[in-house]
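Notes follow the structure.
The values are calculated or read from the model by the stated rules, or taken from the named source; none is laboratory data. A quick note: this is a predicted structure, and the numbers were derived from the prediction, not measured. Backbone-built Cβ (ideal geometry, glycine too); neighbour counts: all protein chains shown. These accessible areas exclude ligands, DNA and RNA; they are computed on the full protein's heavy atoms, side chains included. Shrake-Rupley method; radii C 1.70, N 1.55, O 1.52, S 1.80 Å.
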Amino acid sequence: MSEEKTNPLLCDPVSGMCEMPFGEKSNETTNISTENKPIKIVYYTDPICSSCWGIEPQLRKLKLEYGDAFEIDYRMGGLLPNWSYNSGGISKPSDVAHHWDEASLHYEMPIDGNVWLEDPLDSSYPSCIAMKAAQMQDKEKAVKFMRILREKLYLEKKNIAKWENIAEAAKLTGLDIQKLKKDYEGDAKKLFEEDLRLGKSLGVRGFPTLFFSDGNQNQLTVYGSKPYSSYENALLALFPDAKKKNIKNENPLALFDIFPTLAPKEYSIILDKTYSDAKIILEKLYQQGLLDKRMIKNGSVYSRK
């Protein structure tokens, strides 16, 4: 393993994965059971994983086209325990800043790596635990909460290991902040530890990792940031009868009724447009006063006025 690979924050654009310095896979076998829908996806992620931010377009599209066929179980991976476990390569937060700027260009998703220069995170564990606390309240809101946490990190350069930034994201999501803090300091830590244990038993070696299961011990795994077809094909291989919804709409603003914020890459992937066409459409809507735009050095995110 090269020195460059010793720190998981150096995500490999080729594999599309942020790899962890995990030990051996445990010997136990884990069967993923389904609950309410034909397919369950166990998604191992981390709020500070740039490759996971890179697959937001694909995941959003999959939910829109095949949401009736699957449910996602979001599990936290603990990408950055601290800065002491690492024996070489990246040794301090500032080393990550340039890498994140490169990741932004590769995924065509807006990321400002300067958070690692201005207010660096000492660990991803606080945001992982906060996600488990959010899930204890409301699983749907927890997904929105993680999106807001990521926007704070990647767009606003906010250190999401700090409680005040976690609390602000919770407020914007509509979570009960007092309950969140109580759970964050209590049972959410145990749930996070369970996620780490399950990840080891499943052989998770990096993020994003998505395990597709039909509940009958048939399982497919998609590692890393991949084209949309990789996720769609995994789903259809296990559930060929899945019905694909037509999500095209004449109204260019329709997607904003579903997603409060969209980057041009998300708009392009979801609607099967080129990246440049998506940028032109969104910019036109912004110029017409129909959208707001948040610009950072490596891109923009649009939202409904």
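General remarks:
- The number of residues in the stretch 261-272 being among the hydroxyl-bearing types (Ser, Thr, Tyr) and either loosely packed, with under 12 Cβ neighbours inside 10 Å or within 24 Å of LYS141 (Cα to Cα) (or both) comes to 2.
- Subset of the stretch 264-301 [among the β-branched types (Val, Ile, Thr) and closer than 20 Å to LEU155 by Cβ]: ILE269, ILE270, ILE296, VAL301
- Meets criteria (closer than 28 Å to ILE269 by Cβ, among the basic types (Lys, Arg), open to solvent by less than 50 Å² (accessible area, probe 1.4 Å) and touching a Gly at 6+ places or on another chain (Cβ under 9 Å)) for LYS40: yes
- Comparison of LYS144, LYS152, LYS182, LYS162 shows that the only residue that is touching a helix residue (DSSP H, G or I) at 6+ places or on another chain (Cβ under 7 Å) and over 30 Å from ALA237 (Cα atoms) is LYS152.
- Residue among LYS279, LYS293 that is touching a strand residue (DSSP E or B) at 6+ places or on another chain (Cβ under 9 Å), surrounded by fewer than 16 Cβ atoms within 10 Å (Cβ to Cβ) and at pLDDT 95 or above: LYS293
- Which listed residue is small (Gly, Ala, Ser) and farther than 26 Å from SER213 by Cβ, from SER91, SER33: SER91
- Residue selection: THR29 fails the criterion of being closer than 23 Å to ALA134 by Cα, modelled with pLDDT under 95 and either open to solvent by 50 Å² or more (accessible area, probe 1.4 Å) or touching a strand residue (DSSP E or B) at 6+ places or on another chain (Cβ under 8 Å) (or both).
- Filter result for the condition that a residue is acidic (Asp, Glu), touching a Phe, Trp or Tyr at 6+ places or on another chain (Cβ under 9 Å), buried (at least 16 other Cβ atoms within 10 Å of the Cβ) and more than 20 Å from TRP53 (Cβ to Cβ), over ASP183, ASP195, ASP214: ASP214
- Count of residues meeting criterion [of a type in the set (Asp, Glu) and closer than 17 Å to ILE32 by Cβ] in the stretch 185-202: 2
- In this structure, THR173 does not qualify as in contact with a Ser or Thr (Cβ under 8 Å, 6 or more places away or on another chain), among the hydroxyl-bearing types (Ser, Thr, Tyr) and open to solvent by less than 80 Å² (accessible area, probe 1.4 Å).
Rundown of residues vs (1) farther than 21 Å from ILE48 by Cβ; (2) under 19 Å from the mean Cα position of the chain (by Cα); (3) at pLDDT 95 or above, yes/no style:
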residue: TRP163; (1), (2), (3): no, no, yes
residue: ILE166; (1), (2), (3): no, yes, yes
residue: GLY174; (1), (2), (3): yes, no, yes
residue: LYS179; (1), (2), (3): yes, no, yes
residue: LYS189; (1), (2), (3): no, no, yes
residue: THR209; (1), (2), (3): no, yes, yes
residue: SER229; (1), (2), (3): yes, yes, yes
residue: GLU266; (1), (2), (3): no, yes, yes
residue: LEU271; (1), (2), (3): yes, no, yes
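- Residue among ILE247, ILE258 that alone is in contact (Cβ under 8 Å) with a residue 12 or more places away in the chain and either touching a His at 6+ places or on another chain (Cβ under 6 Å) or open to solvent by 70 Å² or more (accessible area, probe 1.4 Å) (or both): ILE258
- Of the residues examined, LYS141 is not one that is open to solvent by 10 Å² or more (accessible area, probe 1.4 Å), touching a residue at least 12 places away in the same chain (Cβ under 8 Å) and in contact with a Lys or Arg (Cβ under 6 Å, 6 or more places away or on another chain).
- Verdict on ALA142 being in a helix (DSSP H, G or I), out of contact with any Asp or Glu (no Cβ under 8 Å at 6 or more places or on another chain) and aliphatic (A, V, I, L, M): yes
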